[in-house]
Each structure stands twice: as C-alpha cells, then as structure tokens.
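One structure is given below, encoded as structure tokens.
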Amino acid sequence: MLGGYPISGRRAADISASVERAVGAGELEPGQLLPPMRELAGRLGVNPNTVAAAYRTLRERGVIETAGRRGSRVRTKPATTGREFLRVEVPEGVRDVSDGNPDPALLPALAPVFAAAAERNDREPVLYGHEPAEPELVRLARAELDADGVPGGPVAVTSGSLDAMERVLAAHLKPGDAVAVEDPGWGSLLDLVPALGLRTVPVGVDDEGPLPDDVRRALTSGARALVVTDRAQNPTGAALSAPRARALRSVLREHPETLLIEDDHGHRIVDLPLCPLAGTTHRWAFVRSAAKAYGPDLRLAVLTGDAVTLDRVRGRQRLGPGWVSRITQRAVARLWADGAVDPAVVAAAYGRRRAALLDALARRGVPAHGRSGMNVWIPVPDETGVVARLLAAGWAVAPGARFRMSAPPGVRVTVSTLEEGEVGVLADAVAGALGPGPARSYV
C-alpha cells in the first residue's frame, strides 16, 4: 500500500509530519491509500486515537482526504505539492508563453517613487503604533472603488491578493467548510483552500464568469463561501458581464450568509467595466492587487469589505506581520496618483495580442477563450500530448492541470509579450499539436 515508505512517529504530530514529508518529497503519491488507523496504530505501537488525531491534522492541512469505508488517501492535488510544480520545464531555445507574467515593458519605473518614499520616511519615520495603512493610498483606493460601484467600507492593505483571500477565509471559516471556486481557476487559490483545511467545490466558468446554476448548486449543497474573479480571470480571461452579475446577485440573495470574495486583479490592465457583486451578502470582501499593473514584486493589494470582516482581518494582521511596509505603500500611492500606468494603453496592448492570437487560432479551426487580461485558454483533448508536441515545436505553454478540478482539459497561453510576427507561428504550432478533430469546450 505504501511501497517502500515507512510512516514513523509516536506522537500525532510526528506521524502527520512523517506523512507530510513523504508527500512533499513525492514518496507518497497523489491518490495513494494510507493504512487503516488501527492497522497503522498496531504497526507503530501507539493508541488508535493518536493515529486518528494525526489523520485529522493531515485532513485539515489539505494533505489527505477520507472517504468513509474507502479509507484515507493522499489528495489528488495535496497542499504540500502545489500546482506550481505542474509547470513545464522550458529548455533552452524554447519560447516561454506559460508564465502568466505581465509585460515588463508596460510596467512603470519603480526607482523614482521608492526613492521619494524612502526620503519621506527619513523625515517622517513609520514606527510601531502608527497607522498600518498609508492614508493617501487608502484615499485613492476608496475613490476608485466608489467610482466603480463597490460599496463603502473600511480599507486594509495586504501582501497581495492571495494574502488577502487567506485572511478573509480564515476570519470566517473553520476546517471542513466548503468554498465554491471557479473551475478552471487560479491555481494558487486552488492550493490555498485545501491548505487551510477547507473543501473546494468547483463552479463552471464561461466567458462571462461563473455559471449561476453551478453557483446555486454549490451554495445549496452547503458551500459557505464563493470566490469570484471579476475581470481577466486566470486562466480563461473571463470577465463578469452586467447580465451575469445580475444573475449571480439573484443567486446570492437566496444565500445571504455566504462569504463572498471578489478578486479584481485585472484593475488597470483591462478596459471592460467592473460589474461588482459586493454587498449582496452580509459578509463580503473585495481585493485589488498592484501586481499586474505595477509589478508582481510589490506584493501589495488593497482590500475592502464589511466592517466585521475587515476588523477581523486587521486584528489578525496585527498579530502577524503587523502591516505592509509603508514605504511600499507610499510608492504605490505615488504611482497611482501620478498616472504612471495608463489603463487604456495597457489594456489596448494586451487586447491586441489576445485578439491576434484568438483570430489566428479561429482561422485554423481552433476554438479558444480570452475575453480580457493577458491569457488565452485553449481547450484540448489531451494536455500531456499537446504540451509535449508544442515543446517539440519550440513553444512552452501552461498545462491546464494547474488550473482545473473537474473541468475538461486545456492549456493556457500568456500573450503579454507575444510579438506580432510570432502569432501565426504559434497558431500553426497549436493547430498541429491538436491534430485533426474538434477541441473540447471548457463549459
């Protein structure tokens, strides 16, 4: 059952750590059965309750899952082996369109704003007990949120979108609770949810966002939270349309206790209007990251939401990192205020590259999706074969397994640095890798 790997330990913490190490090292593979609790207890010479406690810890950490009489097994995608490990190794000479990064040429220069922020800090040092959020950044963020129809609420600053989502989920949910997530969706979120001991419930996506019937089914079956990407959905490029937002609000009104989290990481890189859902339920959070527009290494997002949620998030943040560097916050505020990024220019650049690839693929009979943002999602019949054939043709794409649960297979292409002369070559390679016959839709 366990091959050559021996589970060891006398305490629950040691037993769970032994299993977790083996999963992280690949010695225990996804889907592999673990021994029944009494059997393992006998082998280790411990009380069965000790093994039960170890297995409970592993379930809460998202490492294993238990299916009644069928026993406990390593999760198909355990939290200890993140989806980032499903990336393709890019050989020398292969064009990499798999990474999901923005175009560095469209990012603003950071040296001037950080120099100004550091000089100000020399004059006005930020010390313990000072406000954790930069007032100017809060003012700018709140003004744009108001203009976009996001309900009023306090503003916090976190170390990126995923940090915000983790804090919001932890503020309201307990291990074992279910979270409805987009499928296909953001791989990091699909790793985070089970790592918190929560269960993922897949919700289908089309070009206009999550499917209302899937959301209703998930919430009716007991999901306590829903995470929605408003624009530039990763990996499909979906963006909430006004009709879809109305339909989702109708569903959410039937479940007012749902914790709603919205991710607007496409802010300032897309030209589609925001159609927010915020405020439809009692508990909600809305996140905007600086990563795509200003640079991933800034590690900064602004978060708003209902008063209870924000109070819990800020309270827990005070007991951890305390605050996000005010020097970084001041630098981002300066970028924001000075218009260092022109959303129309950036959105147009990504839009041209997306449209060019989508058109080229369509002319070759290959259906694909990419309504907004910097990614194109291409349904394929066999991810492994398509990825391998594209590598052989000189192109590295992201396998869809990084982004899917039950959705059909696909591959993601990041168009952010795709040049005009490369579009036709890439489209030819994709069509050749797919071979004859129609590709499948992700809906």
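Under 15 Å from a point 7 Å along the Cα-to-Cβ line of Val345: which residues of the stretch 263-287 have their amide N that close?
What the label zone holds, given the 15 Å backbone N cut-off, is 268-270.
With +1 on each Lys and Arg Cβ and -1 on each Asp and Glu Cβ, how big is the dipole of the stretch 12-74 about its Cα centre, in debye rounded to the nearest 20?
With Lys and Arg at +1 and Asp and Glu at -1, about 240 debye.
Using 1/(1 + (r/R0)^6) with R0 = 60 angstrom and r between the beta carbons of Ser406 and Ala143, what's the FRET efficiency to the nearest 0.05?
Numbers: r = 40 Å, r/R0 = 0.67.
Rounded to the nearest 0.05, the efficiency is 0.90.
Using only the Cα atoms, work out Rg/Rh for the stretch 12-74, with Rh taken as the Kirkwood radius, to two decimals.
With Rg and the Kirkwood Rh in hand, the quotient comes to 0.93.
When Ile378, Ile7 are ordered from fewest to most other Cβ atoms inside 10 Å of their Cβ, what list results?
Working: Ile378 26, Ile7 19.
With the fewest neighbours first, Ile378, Ile7 line up as Ile7, Ile378.
Once you charge only the Cβ atoms, +1 for Lys and Arg and -1 for Asp and Glu, what is the size of the charge dipole of the stretch 301-365 about its Cα centre, to the nearest 20 debye?
Around 240 debye, computed over the stretch 301-365.
By how many nm would the segment from Glu89 to Ala170 lengthen if fully extended, with 0.36 nm per residue of separation less the alpha-carbon distance?
25.8 nm
Got a sec? How would Tyr128, Tyr350, Tyr294 order by Cβ neighbour count within 10 Å, fewest to most?
Least to most surrounded, the residues fall as Tyr128, Tyr294, Tyr350.
Note down the relative contact order for the chain as a percent, whole number, built from C-alpha pairs under 8 angstrom at least six residues apart.
About 18 percent, as a whole number.
Say the dipole of the chain comes from +1 at the beta carbon of Lys and Arg and -1 at that of Asp and Glu; which of Gln317, Thr328, Ala433 then lies farthest toward its positive end?
Gln317
Taking 25 °C and 0.890 mPa s as the conditions, I'd like the Stokes-Einstein D for the chain in µm²/s, using the Kirkwood hydrodynamic radius from alpha carbon pairs. Spell out each step's value before the answer.
Numbers: Rh = 23.3 Å.
After rounding, the answer is 105 µm²/s.
For the stretch 152-262, just the Cα set please: Rg and Dmax, both in angstrom.
Cα-based Rg and Dmax for the stretch 152-262 come out at 13.2, 34 Å.
How large is the dipole of the chain about the Cα centre if only Lys and Arg carry +1 and Asp and Glu carry -1, each at its Cβ, rounded to the nearest 20 debye?
Charge dipole of the chain: 1500 debye, to the nearest 20.
Between Arg11 and Ala337, with labels modelled 7 Å along Cα→Cβ, what's the label distance in nm to one decimal, could you check?
About 5.2 nm, to one decimal.
How much of the DSSP beta bridge set in the stretch 235-318 is antiparallel, as a percent to the nearest 5?
Given both bridge residues lie in the stretch 235-318, the antiparallel proportion sits at roughly 50 percent.
Can you pull the one-decimal nm distance between simple spin-label points at Asp428 and Arg246, each 7 Å off the Cα toward Cβ?
The modelled label-to-label distance comes out at 4.7 nm.
Report the label-to-label distance for Arg123 and Asp271 in nanometres (one decimal), using points 7 Å from each Cα along the Cα→Cβ vector.
Computed distance between label sites Arg123 and Asp271 equals 3.9 nm.
Using DSSP, restrict attention to beta bridges with both residues in the chain and report what percent are antiparallel, rounded to the nearest 5. Before the final figure, lay out the partial values.
Working: 23 of 43 bridges.
In the chain, DSSP labels about 55 percent of beta bridges as antiparallel.
Quick one: which residues, 5 or more positions from Gly62 or on another chain, have an amide H under 5 Å from its amide H? H modelled 1.01 Å from N in the peptide plane, none for Pro or chain starts.
Hits under the 5 Å cutoff: Gly197.
Per 0.36 nm of contour for each residue apart, how much would the distance between Ala388 and Arg21 grow if the chain were fully extended, relative to their Cα-Cα spacing? Don't skip to the answer; put the middle values down first.
Working: separation 367, 0.36 × 367 = 132.12 nm, distance 2.99 nm.
My answer for the length gained is 129.1 nm.
Figure the gain on full extension for Glu136 and Arg43 (residue separation times 0.36 nm, minus the Cα-Cα span) and round it to one decimal in nm.
27.3 nm
Any idea what log10 I(q)/I(0) is at q = 0.11, 0.16 Å⁻¹ for the stretch 111-338, Debye with uniform C-alpha scatterers and no solvent?
At q = 0.11, 0.16 Å⁻¹ the computed log10 ratios are -0.52, -1.09.
What FRET efficiency comes out for the pair Arg364/Asp297, r = Cβ-Cβ distance, R0 = 35 Å, nearest 0.05?
0.40
Starting from the Cα gyration tensor of the stretch 316-431, take the square roots of the eigenvalues, sort them a ≥ b ≥ c, and report rounded, prolate or oblate (rounded when a/c is under 1.5, otherwise prolate if a/b is larger than b/c, else oblate).
Judged from the Cα gyration tensor, the stretch 316-431 comes out oblate (a/c at least 1.5, b/c at or above a/b).
None of the figures in this text is laboratory data; all of them are computed from the coordinates on show. This is a predicted model, so every value here is computed, not measured. Using ideal geometry, Cβ is built from the backbone for each residue, glycine included, and neighbour counts are taken over all protein chains shown.
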